[in-house]
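The values are calculated or read from the model by the stated rules, or taken from the named source; none is laboratory data. Everything numeric here is computed off the predicted structure, so don't read it as measured data. Here Cβ is always computed from backbone atoms with ideal geometry, including for glycine, and neighbour counts include all displayed protein chains.
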Amino acid sequence: MAEMQQGKNKILMFRLLKDQSKEAAKLVFQTEHTFSYSRELDKIITKDGAVVKVGELETEVSIDAIQAKDDPVSDMLQTSVLKGEKLELWEVTVDEELKDQEGKYPAVYCQGYLDSWEPTASAEDESAVSSNFIVEMEPQFGMATLTEEQQQAVQYAFKDTTAVTP
């Protein structure tokens with residue numbers, strides 16, 4: 001029997017394209033994101049019936065998060081909007097049941113730009129931020145490695161009661 005995928009297991013990780021030698025990082029307190037794939041389809045009416053002209057793929061990712069204090073990823077993303085810097089984005093499905101033999105997780109990878117950075121400050125709620133990532137070309141599907149530090153940033157794992165030696 002098929003099981004449902006949990007949205008909480010899909011996280012976004014970011015890196016400036018120019019910083020490819022550095023590790024990608026997770027934006028903390030993500031509340032929701034949406035990958036949108038669309039194509040413009042133009043219906044052309046001919047004397048023989050309608051034909052469809054297929055446009056190019058357009059992909060974007062809308063992002064919502066609660067702002068964390070001193071979050072370097074949030075600062076980097078805001079700066080990328082201000083300076084028009086290209087980013088790398090991964091959507092990683094962190095689900096142990098979907099991990100492959102090499103310990104990698106299913107992922108979508110893409111490059112593009114944030115077209116907005118909208119912090120909100122409500123009197124009754126946490127400070128939040130919304131953004132929209134515009135993907136260049138087509139997203140690529142594959143398997144992604146998470147370092148131990150990245151896995152801990154996603155969710156701490158069970159630890160035994162014994163002392164931990166570095």
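Values computed for the structure shown
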| item | result |
| --- | --- |
| Pick from the stretch 139-163, criterion surrounded by fewer than 10 Cβ atoms within 10 Å (Cβ to Cβ) and of a type in the set (A, V, I, L, M, F, W, C), ranking: modelled with the lowest pLDDT | 158 |
| Filter result (under 22 Å from residue 129 (Cα atoms), of a type in the set (Gly, Ala, Ser) and assigned to a loop (DSSP other than H, G, I, E, B)) within the stretch 20-39 | 24 |
| Test: residue in the stretch 52-68 that is in contact with a Lys or Arg (Cβ under 8 Å, 6 or more places away or on another chain) and part of a loop (DSSP other than H, G, I, E, B) | no |
| Exclusive hit being within 19 Å of residue 141 (Cα to Cα), surrounded by 13 or more Cβ atoms within 10 Å (Cβ to Cβ) and basic (Lys, Arg), set 39, 15 | 15 |
| Tally of residues being without any contact (Cβ under 8 Å) to a residue 60 or more places away in the chain, part of a strand (DSSP E or B) and farther than 21 Å from residue 92 by Cα across the stretch 125-140 | 0 |
| Selection status of residue 93, within 21 Å of residue 71 (Cβ to Cβ) and at pLDDT 80 or above | no |
| Extreme residue, surrounded by the most Cβ atoms within 10 Å (Cβ to Cβ), among residues of the stretch 88-120 that are over 15 Å from residue 9 (Cβ atoms) and either aromatic (Phe, Trp, Tyr) or in contact with a Cys (Cβ under 9 Å, 6 or more places away or on another chain) (or both) | 89 |
| Which listed residue, of 61, 28, is modelled with pLDDT of 90 or more, within 24 Å of residue 122 (Cβ to Cβ) and within 12 Å of the chain's Cα centre (by Cα) | 61 |
